[in-house]
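Taking it in order: structure first as structure tokens, then the write-up.
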Amino acid sequence: MGTRADNFEKALIGAGFGLATKEQHQGETRAHTRDLPTVVRTEIAGLYRGLGGVRDDADFTAGAWDLATVDGLFIEFDEELHFNRYREPTLRVPWVDRLPWSSAYRHYSASGEAHCLRACQANGWANPSTDRMFGGSDRKGFFLDLGSSRWKQRALYDAVRDAYALHTPGIRLARVSIFDRTGGLEVGKAMNSGTPLDPAALRDFIRARTTGPLQPGGSTNTSWQIHSEREPMTLTEAGRN
């Protein structure tokens, strides 16, 4: 993680979150689709093909979680590369509105692509693995027939994590974007400068952004715990553009 993400970790610790070590949380089960309800698996496979996927994959496994607390809350810290034309349609499948970040993330994805492109290094646009997954990429910065295979993969795997958190018993996930505001501060700008986030405001924000598996009646389980000695476009168009 870079300085901004490191500062966010420090802010979480300062707010009373007991974070698992990198070895501990990267050993946790990664988000995958193989055990999700059939309709959700089908929707994720449809997202893949709508984004231009060329393989016959029926199931997908995302990479390691960004952060995890010692009591099992996963936290994703989403920087510029998570917000672009490919993420936006993954936030429009039927169950997404049950995620507490869905509306904000649709807005960031629709408005944040210029930031995404500026932050994108060469391997953040395409690599051999993502090109095999999506049939190649256009030259960096161009959205002709192929666009960016790495951006597509990141959007797909973010959707996998969202679906896994929402539909898997015992899994809780909170997403925080650099564009979010808490305690009157924009998270990314504060973390860039090392400006502390208000601990109470951050705890409340994480709590509001925490989701879990669906409960009877369609509500979500947002139970959580603080550990502290002191007191959280359409698919066809996206794949083509």
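The values are calculated or read from the model by the stated rules, or taken from the named source; none is laboratory data. Given the structure is predicted, the values throughout are model-derived calculations rather than measurements. Cβ coordinates were reconstructed from backbone atoms using ideal geometry, including for glycine residues, and neighbour counts include every protein chain displayed.
Of all residues in region 69-89, exactly one satisfies the criterion of being over 18 Å from Pro100 (Cα atoms) and assigned to a strand (DSSP E or B), namely Thr69. Number of residues in region 78-112 that are of a type in the set (A, V, I, L, M, F, W, C) and surrounded by 22 or more Cβ atoms within 10 Å (Cβ to Cβ) equals 3. Checking the structure you have, find out if any residue of region 12-28 is modelled with pLDDT of 95 or more, under 20 Å from the mean Cα position of the chain (by Cα) and charged (D, E, K, R). No, region 12-28 contains no residue that is modelled with pLDDT of 95 or more, under 20 Å from the mean Cα position of the chain (by Cα) and charged (D, E, K, R).
Residue-by-condition table, conditions (1) modelled with pLDDT under 95; (2) crowded, with 17+ Cβ neighbours inside 10 Å; (3) of a type in the set (S, T, N, Q); (4) under 21 Å from Phe77 (Cα atoms):
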{"position": "Gly135", "(1), (2), (3), (4)": "no, no, no, no"}
{"position": "Pro169", "(1), (2), (3), (4)": "yes, no, no, no"}
{"position": "Arg175", "(1), (2), (3), (4)": "no, yes, no, yes"}
{"position": "Arg181", "(1), (2), (3), (4)": "no, no, no, yes"}
{"position": "Val187", "(1), (2), (3), (4)": "no, yes, no, yes"}
{"position": "Ala190", "(1), (2), (3), (4)": "no, yes, no, yes"}
{"position": "Arg209", "(1), (2), (3), (4)": "no, yes, no, yes"}
{"position": "Ser219", "(1), (2), (3), (4)": "yes, no, yes, no"}
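Scanning region 6-65 for residues that are polar (S, T, N, Q) and not in a helix (DSSP H, G or I), we see that the one that is farthest from Arg87 (Cα to Cα) is Thr21.
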